[in-house]
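Colleague: Input: one structure, supplied below.
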Amino acid sequence: MDSVENRINSLREEIRKHEYQYYVLDEPLISDAEYDALMQELIAFENEHPDLITTDSPTQRVGGQVADRFQKVTHRRPLLSLDNAFSEGDLREFNRRVGTAVIRPDYVVELKIDGVSIALVYEDGVLQTAATRGDGQVGEDVTANIKTVRTIPLRLPKSFPRLEVRGEIYLPKNEFLRLNAEKEEKGEKTFANPRNAAAGSLRQLDPTISSSRALSAFIYDITYIDGREILTQKEMLDFLGECGFPVNPEARYCSGIEEVYAYCEEYQEKRHSLPYEIDGVVVKLNSLADRQELGYTAKSPRWAIAYKFPPEEKETRLLEVEINVGRTGVVAPTAIMEPVFLAGTTVSRASLHNFDLVQDRDIRIGDMVLLHKAGDIIPEIIKPLVQYRTGQEIEITPPAACPACSSLVVRFEGEVAYRCENINCPARLKESLIFFASRDAMDIDGMGPAVIDQLVERDLVRKLDDLYALTEEQLSSLDRMGAKSAANLIQAIESSKSRPLHRLVTALGIRFIGGKSARTICEHIHSIDEFFTVQADELMQIPEIGPRMAESLVAFFKEKSNVATIESLKKAGLNTVAESKGPESQKLAGKTFVLTGTLPDLNRDEASEMIIAQGGRVSSSVSKKTDYVVAGSEPGSKYDKAFQLGITILDQAALLELLEA
Ligand code: IVH
């Protein structure tokens with residue numbers, strides 16, 4: 001037993017060291033795979049000895065449990081905020097006031113990180129609570145989420161009975177951009193800036209969400225410590241670094257206000273090249289004893305001040321609006337403006353995101369507009385400056401036709417985006433093809449993004465159905481494609497012709513129609529031709545098919561170019577009728593199955609087909625009515641739910657046995 005405990009402890013120590021190297025110092029000593037292996041070993045030990053799991057174990061970072069709501073935490077010392085300075089004059093005035101109590105003051109200057117203020121409490125070196133600033137007196141307990149922030153140590157190498165620190169949680173600029181791009185893709189509302197994104201992520205009730213967003217932190221203050229005397233801010237920052245906290249590397253000692261101002265000017269320039277957003281510089285009196293002399297006002301210390309950078313906003317003229325089609329068919333407006341220098345670059349274009357936003361902000365062509373950069377990077381129009389209007393400005397309206405292919409543009413209920421409905425639209429052809437050929441659609445083995453890229457670039461494929469006219473010779477002319485792979489690919493294209501109808505319907509990439517709904521629909525609609533004439537209300541008679549799906553299907557089959565494509569696919573010999581034989585047996589009639597995780601040999605579609613062939617039903621969510629949950633590796637929450645409800649859980653072997661019985 002003792003040796004297991006020792007091994008667990010040394011694993012934890014080693015993992016902590018590597019986390020610090022990787023996340024704080026940016027200097028990993030081992031590969032990701034080696035790190036994962038250590039983590040897996042620890043998880044295995046802890047699974048065997050759950051009594052040895054401690055709250056500060058590295059395995060406990062991604063908490064699985066969802067808190068009901070956040071508890072309130074009263075800060076032991078109020079978390080004050082800072083007075084602001086906006087000019088060199090303000091800074092000199094601050095220095096003069098400090099000078100009335102302190103002879104020749106010296107300072108430490110730090111970047112003012114634009115994030116969310118956080119207070120951390122460690123007891124005997126172990127992180128106990130993490131709380132937001134709240135109103136300064138009472139904050140919210142966000143410990144579970146903070147544990148997912150990998151730069152924050154869960155255990156300190158030095159142990160003190162009690163240590164309280166304060167710092168800033170932030171989302172790096174590149175993470176912010178990634179998160180917003182992801183949100184835009186899903187048609188969700190985007191975050192205005194990294195600070196909002198950090199705050200939003202931190203206040204997620206589900207810690208796995210904050211875990212999936214690479215939040216980071218800088219710690220800059222000790223608000224309480226037992227058993228160690230600290231005399232200056234410089235010493236404090238050094239000590240925080242020794243404790244394994246992430247300390248901002250740009251902090252600098254300044255012997256007087258001249259150096260302080262030079263630092264402010266320097267970082268006003270450099271701010272755009274930093275990987276995180278800052279909104280100013282914090283100037284702190286270095287000596288903690290001298291701070292006592294100056295004391296506090298009701299809200300802020302007299303020994304520190306925040307030098308705020310001027311907001312980066314510029315006025316310019318909106319000249320025209322370009323309408324672009326994205327790779328998923330979203331038709332979106334882009335503003336073309338008179339070029340202005342803003343936050344480090346010359347800007348002449350800005351996405352207007354969608355037409356609702358244009359209407360809400362009442363932006364018109366010819367307007368003078370106020371421009372800023374979201375996340376310090378993405379140019380965005382804040383608002384039109386209506387005081388300059390002449391009456392000549394032109395309203396911006398959504399186009400009726402796609403600017404890339406002139407096809408129908410539609411907007412579905414509940415979405416802000418307008419979309420081009422033509423699967424062959426040149427703007428979205430590559431994406432259409434990648435999806436069409438993918439495993440859950442037509443499953444054309446070997447037809448991946450790299451091949452599709454070349455086919456489109458070389459003009460060998462201009463429409464989806466051109467895939468079926470490709471020759472072996474054409475394919476073997478592609479980069480990294482030998483004669484053998486070309487022959488295999490032709491074979492794979494050939495076999496895709498006999499996929500069931502619902503797979504073809506899935507492969508067309510119709511908005512809101514995934515594999516499962518396509519299957520359901522094709523139990524009622526037995527040939528592709530029927531889709532050309534079916535009405536939305538008829539489709540809505542089918543269980544689980546709502547108005548959004550029905551309208552999307554009808555719009556898709558109305559688009560002329562899609563009709564032509566489907567006719568060509570038929571000519572090429574693709575199966576376009578549903579097998580009418582119905583289930584092979586009724587052995588599983590009345591039984592509902594839910595699939596989760598990855599099965600060793602069967603993909604989800606194959607397993608569903610086998611169940612349905614025996615008269616069973618496949619559903620996507622677990623409820624009391626579920627009879628069996630078929631679980632593969634890495635099952636999701638469905639597995640846990642099944643377990644809780646006491647539903648029979650089958651692995652692949654057990655499923656096959658049931659099917660063959
Ligand atoms: S010191 C009593 N240092 O700016 C001293 N604050 O308006 C308290 N902030 O609420 C703060 N970077 O959230 C300090 N290097 C830094 C900072 C910083 C960002 C935030 C902090 C505070 C606000 C001050």
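Colleague: In the list 100, 74, which residue meets the criterion of being open to solvent by 40 Å² or more (accessible area, probe 1.4 Å), touching a residue at least 12 places away in the same chain (Cβ under 8 Å) and away from the ligand (no atom under 13 Å from the Cβ)?
Modeller: On the way: 100 fails: touching a residue at least 12 places away in the same chain (Cβ under 8 Å).
After ruling out the rest, the residue left standing is 74.
Colleague: Which condition number in (1) in contact (Cβ under 8 Å) with a residue 24 or more places away in the chain; (2) in contact with a Leu (Cβ under 8 Å, 6 or more places away or on another chain); (3) open to solvent by 20 Å² or more (accessible area, probe 1.4 Å) is the one that residue 424 fails?
Modeller: Failing condition for residue 424: (3).
Colleague: Being within 25 Å of residue 136 (Cβ to Cβ), at pLDDT 85 or above and away from the ligand (no atom under 15 Å from the Cβ) narrows it down to one of 191, 160, so name that one. Can you show your working first?
Modeller: Numbers: 191 fails: at pLDDT 85 or above.
Result: 160 is the single residue among 191, 160 that is within 25 Å of residue 136 (Cβ to Cβ), at pLDDT 85 or above and away from the ligand (no atom under 15 Å from the Cβ).
Colleague: Can you pull out every residue in the range 506-529 that is within 29 Å of the chain's Cα centre (by Cα) and free of Cβ contacts under 8 Å to residues at least 24 places away in the same chain?
Modeller: Within the range 506-529, the subset within 29 Å of the chain's Cα centre (by Cα) is 506-518.
The answer is 514, 518.
Colleague: Also, quick follow-up: Which of the following residues is within 20 Å of residue 568 (Cβ to Cβ), open to solvent by 10 Å² or more (accessible area, probe 1.4 Å) and small (Gly, Ala, Ser): 469, 483?
Modeller: Values: 483 fails: within 20 Å of residue 568 (Cβ to Cβ).
None of the other options fit; the residue is 469.
Colleague: Right, something else. Would you please name the residue that is farthest from residue 246 (Cα to Cα), looking only at residues in the range 144-153 that are surrounded by 23 or more Cβ atoms within 10 Å (Cβ to Cβ) and touching a Gly at 6+ places or on another chain (Cβ under 7 Å)?
Modeller: Ranking the candidates gives 144 first.
Colleague: Conditions: (1) free of Cβ contacts under 8 Å to residues at least 24 places away in the same chain; (2) in a strand (DSSP E or B). Residue 337 meets all but one. Number of the miss?
Modeller: It is condition (1) that residue 337 fails.
Colleague: I've got another one for you. Given the condition in contact with a Phe, Trp or Tyr (Cβ under 7 Å, 6 or more places away or on another chain), assigned to a helix (DSSP H, G or I) and not charged (D, E, K, R), answer yes or no: does some residue in the range 271-293 qualify?
Modeller: Looking through the range 271-293, none of the residues is in contact with a Phe, Trp or Tyr (Cβ under 7 Å, 6 or more places away or on another chain), assigned to a helix (DSSP H, G or I) and not charged (D, E, K, R).
Colleague: Also, I was wondering about something else. Output the residue which, of all residues in the range 427-440 that are under 14 Å from residue 511 (Cβ atoms) and of a type outside the set (S, T, N, Q), is most open to solvent (accessible area, probe 1.4 Å). Give the derivation first.
Modeller: In the first step, residues of the range 427-440 are kept if they are under 14 Å from residue 511 (Cβ atoms); the result is 428, 431-432, 435.
Next, only the ones that are of a type outside the set (S, T, N, Q) stay: 428, 431, 435.
On the way: 428: 27, 431: 63, 435: 90 Å².
Selected residue: 435.
Colleague: Mind listing whichever residues of the range 312-334 are touching an Asp or Glu at 6+ places or on another chain (Cβ under 7 Å), in a strand (DSSP E or B) and open to solvent by 70 Å² or more (accessible area, probe 1.4 Å)?
Modeller: Matches in the range 312-334: 317, 319.
Colleague: Taking residue 309 as meeting all but one of (1) more than 10 Å from the ligand (Cβ to nearest atom); (2) among the aromatic types (Phe, Trp, Tyr); (3) modelled with pLDDT of 95 or more, write down the number of the exception.
Modeller: So residue 309 meets the others, but not (3).
Colleague: Let me ask something else about it. Can you pull out the residues in the range 103-143 that are away from the ligand (no atom under 16 Å from the Cβ), open to solvent by 10 Å² or more (accessible area, probe 1.4 Å) and either out of contact with any Pro (no Cβ under 8 Å at 6 or more places or on another chain) or hydrophobic (A, V, I, L, M, F, W, C) (or both)? Walk me through how you get there before you give the answer.
Modeller: Of the residues in the range 103-143, the ones away from the ligand (no atom under 16 Å from the Cβ) are 103-106, 121-129, 141, 143.
Those left that are additionally open to solvent by 10 Å² or more (accessible area, probe 1.4 Å): 103-106, 121, 123-124, 126, 128-129, 141, 143.
103, 104, 105, 106, 121, 126, 128, 129, 141, 143 - these are the residues of the range 103-143 that are away from the ligand (no atom under 16 Å from the Cβ), open to solvent by 10 Å² or more (accessible area, probe 1.4 Å) and either out of contact with any Pro (no Cβ under 8 Å at 6 or more places or on another chain) or hydrophobic (A, V, I, L, M, F, W, C) (or both).
Colleague: Would you mind stating whether residue 203 is closer than 30 Å to residue 160 by Cβ, open to solvent by 50 Å² or more (accessible area, probe 1.4 Å), among the basic types (Lys, Arg) and modelled with pLDDT under 90?
Modeller: Details: closer than 30 Å to residue 160 by Cβ: yes; open to solvent by 50 Å² or more (accessible area, probe 1.4 Å): yes; among the basic types (Lys, Arg): yes; modelled with pLDDT under 90: yes.
Yes; evaluated as a whole, the condition is true for this residue.
Colleague: Only one of these is of a type in the set (A, V, I, L, M, F, W, C) and buried (at least 17 other Cβ atoms within 10 Å of the Cβ): 645, 659, 599. Name it.
Modeller: Details: 645 fails: buried (at least 17 other Cβ atoms within 10 Å of the Cβ); 659 fails: buried (at least 17 other Cβ atoms within 10 Å of the Cβ).
Only one candidate passes the filter, namely 599.
Colleague: Further question: If you go through the range 213-236 one residue at a time, do you hit one that is more than 22 Å from residue 77 (Cα to Cα), surrounded by 15 or more Cβ atoms within 10 Å (Cβ to Cβ), out of contact with any Pro (no Cβ under 9 Å at 6 or more places or on another chain) and at pLDDT below 95?
Modeller: Filtering the range 213-236 for residues more than 22 Å from residue 77 (Cα to Cα) gives 213-216.
Narrowing the set further to residues that are surrounded by 15 or more Cβ atoms within 10 Å (Cβ to Cβ) leaves 213-216.
From the residues that got through so far, the ones that are out of contact with any Pro (no Cβ under 9 Å at 6 or more places or on another chain) too are 213.
With the extra rule that they be at pLDDT below 95, the set shrinks to 213.
Yes, the range 213-236 contains at least one residue that is more than 22 Å from residue 77 (Cα to Cα), surrounded by 15 or more Cβ atoms within 10 Å (Cβ to Cβ), out of contact with any Pro (no Cβ under 9 Å at 6 or more places or on another chain) and at pLDDT below 95.
Colleague: Name, by its number, the condition in (1) more than 25 Å from the chain's Cα centre (by Cα); (2) at pLDDT 80 or above that does not hold for residue 29.
Modeller: Among (1) more than 25 Å from the chain's Cα centre (by Cα); (2) at pLDDT 80 or above, residue 29 violates only (2).
Colleague: Looking only at the range 157-181, which residues are surrounded by fewer than 20 Cβ atoms within 10 Å (Cβ to Cβ), over 21 Å from residue 115 (Cα atoms) and out of contact with any helix residue (DSSP H, G or I) (no Cβ under 9 Å at 6 or more places or on another chain)?
Modeller: 159, 160, 161, 162, listed by residue number.
Colleague: Go through the range 374-421 and give me each residue that's basic (Lys, Arg) and buried (at least 18 other Cβ atoms within 10 Å of the Cβ). Break it down stepwise before answering.
Modeller: Filtering the range 374-421 down to residues basic (Lys, Arg) leaves 383, 389, 411, 419.
Across the range 374-421, the qualifying residue is only 419.
Colleague: In addition: So, in the range 415-464, exactly how many residues are more than 24 Å from residue 331 (Cα to Cα) and assigned to a loop (DSSP other than H, G, I, E, B)?
Modeller: Result for the range 415-464: 13.
Colleague: Check residue 303 against each of (1) at pLDDT below 95; (2) within 12 Å of the ligand (Cβ to nearest atom) and name the one condition it does not meet.
Modeller: Looking at each condition in turn, residue 303 falls short on (1).
Colleague: Moving to a separate point now. All but one of (1) in a loop (DSSP other than H, G, I, E, B); (2) closer than 20 Å to residue 144 by Cβ; (3) within 15 Å of the ligand (Cβ to nearest atom) hold for residue 199; which doesn't?
Modeller: Unmet condition: (1).
Colleague: Say whether the condition of being surrounded by 15 or more Cβ atoms within 10 Å (Cβ to Cβ), part of a helix (DSSP H, G or I) and at pLDDT below 95 is met by at least one residue in the range 612-634.
Modeller: Yes - at least one qualifying residue is present in the range 612-634.
Colleague: Take the conditions at pLDDT 95 or above, open to solvent by 30 Å² or more (accessible area, probe 1.4 Å) and not in a helix (DSSP H, G or I) and apply them to residue 259. Does it pass?
Modeller: Details: at pLDDT 95 or above: yes; open to solvent by 30 Å² or more (accessible area, probe 1.4 Å): yes; not in a helix (DSSP H, G or I): no.
For residue 259, the condition - at pLDDT 95 or above, open to solvent by 30 Å² or more (accessible area, probe 1.4 Å) and not in a helix (DSSP H, G or I) - is not met.
Colleague: Now a separate question. Considering only helices (runs of 4 or more DSSP H) fully contained in the range 502-572, which possess at least 3 residues that are open to solvent by 10 Å² or more (accessible area, probe 1.4 Å) and charged (D, E, K, R)? Break it down into steps so the answer makes sense when it comes.
Modeller: Details: elements: 515-522, 528-533, 536-539, 547-558, 560-571.
It comes to 547-558, 560-571.
Colleague: Right, another one. It is to be established whether one or more residues within the range 240-253 are away from the ligand (no atom under 16 Å from the Cβ), touching a helix residue (DSSP H, G or I) at 6+ places or on another chain (Cβ under 9 Å) and open to solvent by less than 50 Å² (accessible area, probe 1.4 Å).
Modeller: Filtering the range 240-253 for residues away from the ligand (no atom under 16 Å from the Cβ) gives 242-244.
In the following step, the residues that additionally are touching a helix residue (DSSP H, G or I) at 6+ places or on another chain (Cβ under 9 Å) were identified as 244.
Still in the list and also open to solvent by less than 50 Å² (accessible area, probe 1.4 Å): 244.
Yes, that holds for at least one residue.
Colleague: What is the residue count in the range 360-373 for residues that are open to solvent by 20 Å² or more (accessible area, probe 1.4 Å) and under 30 Å from the mean Cα position of the chain (by Cα)?
Modeller: Qualifying residue count, the range 360-373: 6.
The values are calculated or read from the model by the stated rules, or taken from the named source; none is laboratory data. Note that the structure is a prediction, hence the values are computed from the model and not measured. Positions of Cβ are generated from backbone atoms using ideal geometry, with glycine treated the same way; all protein chains shown enter the neighbour counts. Protein only, heavy atoms only, side chains kept; ligands, DNA and RNA dropped before computing areas. Shrake-Rupley method; radii C 1.70, N 1.55, O 1.52, S 1.80 Å.
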